[in-house]
Every structure is written in C-alpha cells, then in structure tokens.
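The structure appears below as structure tokens.
The values are calculated or read from the model by the stated rules, or taken from the named source; none is laboratory data. Remember, predicted model here, so these are calculated numbers, not experimental data. We place every Cβ from the backbone using ideal geometry, glycine too, and count neighbours over all the protein chains shown. Just the protein is used for accessible areas: all its heavy atoms, side chains included, with ligands, DNA and RNA removed. Shrake-Rupley method; radii C 1.70, N 1.55, O 1.52, S 1.80 Å.
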Amino acid sequence: MARLKVAVLISGRGSNLQALIDACADADFPAGIVLVISDVPGVQGLSRAGKAGIPAAVVDGKDFEGRDRFEDALTGTLLEAGPELVCLAGFMRVLGDGFVGRWRGRLINIHPSLLPAFKGVHVHERVVEAGVRISGCTVHFVRPAVDDGPIIVQAAVPVHADDDADALAARVLSQEHRIYPLAVRLIAEGRVRVVDEHVLIDGAAIPEGALVNPVDG
Ligand code: GAR
C-alpha cells in the first residue's frame, strides 16, 4: 500500500518531528514524510530533517509582507511536495482562515494540554498555576479558531505537587511523542472520520479505568 505523504511544519526544536521521523523509519508505518518546512531559519528541527535525508525548506515569516503572502508561499512550497496530510509540530504561528480552509481535513496540530483547556501559549506555567492535578496533550484537526477543532487523540499525565513548568512539560512531551505518530497512523489507515465536528475512529479500542491523582491511600 502507498504510504500517506506527510509534510511537517515546525518552528524550533522539532522533537515531535523526530517522533514522526522515527515512526516513519519503520517500513510498516503507513505514512512517510515528504517535506519539512520551518518558518524560522537555523532551528534544530531542520537538522533533524537533514540527518534523516528528508527535504526541508525555510519559509521565513520575516521575508513576507503580511500573513496572506507568507501563507501563499507556504502553500506554494507545500504543493511542490504534494502532501496528503500537513502536521503542525511546534509551529508557533497562528494560521489564517484561507490557509486553514484550503487544507481543511488534511491539517492537524499537536497542543500540550487537554484541549479545550489551556489553549494558547505558556500552557504548562498556567497549568501549574491553576493547580490542576491532571494535564496532557491533544492531537486535533485544525480549524480557524486557535487550538480548536475535532480531537483525534489525547493522553493524560498527572501533575505532581512539586512540578514546575519544565518538569510538567517533559512529562507531557514524552506523551506527545507517542500520540502524534498514533494519530498519523490512524489517519493513514483511513480509520479517522469527522462527523458533526467529532472524530470517530474505526476499530479503536477505548481503555477502561481512570487516571486518578492523588492515588487514595
Ligand atoms: C510541543 O510541546 C508542542 O505541543 C508545542 O510546542 C512544543 C514543540 O516542541 N506546540 C504548541 O504549543 C502549539 N500551540 P518540539 O518542537 O520539540 O516538537
């Protein structure tokens, strides 16, 4: 079976990109990365793409006057590679309605909270500040509103009493690295449908039980 062609958009470190690269290195994984685009030059994610032999491009926001021109350039670069799915992986720009509409159903994002809680930036600081006991991460289809859209996969982690934002970020990030490849695989296998803005997944096992924090006793 042909592998789903995936493009990954990054702005920095690219550890989620690396998780996707590692998943795609398995010949049985039903997707492959055809292009990485960064909107920031010189970032670590670009080196990760280079090491993996994946074509990479920089579409630098600073080179364009206005969001529309930038997003036209982004789409132009994407179209050359012909991706069937575009993954935002730490892409730290808000995309406009035109771009989001053009790629609707083929554009997904990972966010380091249990959406719809804690949209936006400085998530882990705000989670710790709020004193919630469970946080996590979400892969979702992108819609015009920021950090909004049908939820594909989530993972939950406990927030520890002595966590600072960095400790929590590390715990959440390790789950991001699990669920982003999982979401891409489910999509590539044709098992993900959006019905009334809710995601249905064919043949997915849903776990019983709950993550409780603190544990009683
Ligand atoms: C990840 O934690 C990702 O969820 C977050 O940025 C980090 C990127 O790390 N994305 C957002 O906050 C988007 N709203 P990475 O570059 O190592 O993948």
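Of the peptides 129-141, 185-197, how do they stack up when ordered by the mean number of other Cβ atoms within 10 Å, highest first? Can you show the working numbers first?
Values: 129-141: 18.9, 185-197: 15.2.
Sorting 129-141, 185-197 by mean packing, highest first, produces 129-141, 185-197.
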Using the Karplus curve 6.51 cos²θ - 1.76 cosθ + 1.60 with θ = phi - 60°, work out ³J(HN,Hα) for each residue of the range 124-137 in order, rounded to whole Hz, and write x for Gly and Pro.
-> 5, 4, 6, 5, 4, 4, 6, x, 5, 9, 9, 10, x, 8
In Å, the C-alpha Rg and Dmax of the range 1-90 are 12.8, 43
Tilt, helix 67-81 to longest principal axis of the chain (alpha-carbon atoms), in degrees rounded to tens, equals 80 degrees
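Hey, can you find the accessible area per residue of the range 1-142 for me, probe 1.4 Å, expressed in square angstrom? Numbers along the way, then the final one.
Numbers: 6610 Å² over 142 residues.
I get 47 Å² per residue for the range 1-142.
With +1 on each Lys and Arg Cβ and -1 on each Asp and Glu Cβ, and nothing else charged, work out how big the dipole of the range 74-217 is about its Cα centre, in Debye to the nearest 20.
Details: 13 positive and 18 negative charges, 94 e Å.
Roughly 460 debye, rounded to the nearest 20.
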Can you run phi through the Karplus equation (6.51, -1.76, 1.60; θ = phi - 60°) for the range 203-217 and list ³J(HN,Hα) in whole Hz, with x for Gly and Pro?
-> x, 8, 7, 9, x, 8, x, 9, 8, 10, 9, x, 7, 5, x
Charge context of T138, other residues only, Cβ under 12 angstrom, K/R +1, D/E -1 = -2
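The range 62-111: which chymotrypsin sites (Phe, Trp or Tyr not before Pro) are DSSP loop and have at most 16 other beta-carbon atoms within 10 angstrom? Let's see the in-between values first.
Values: sites: F64, F70, F91, F99, W103; in loops: F64, F91, W103.
Here the sparse-neighbourhood loop sites are F64.
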Radius of gyration and maximum dimension Dmax of the chain, Cα, Å = 17.3, 59
Specify which residue in the list I206, G120, L107 is farthest towards the positive end of the charge dipole of the chain, using unit charges on the beta carbon of Lys, Arg (+1) and Asp, Glu (-1), about the Cα centre.
-> L107
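Tell me, what is the Rg over Rh of the range 51-144, with Rh the Kirkwood radius over Cα pairs? Show your work: numbers first, answer last.
Working: Rg = 15.5 Å, Rh = 15.1 Å.
Over the Cα atoms of the range 51-144, Rg/Rh equals 1.03.
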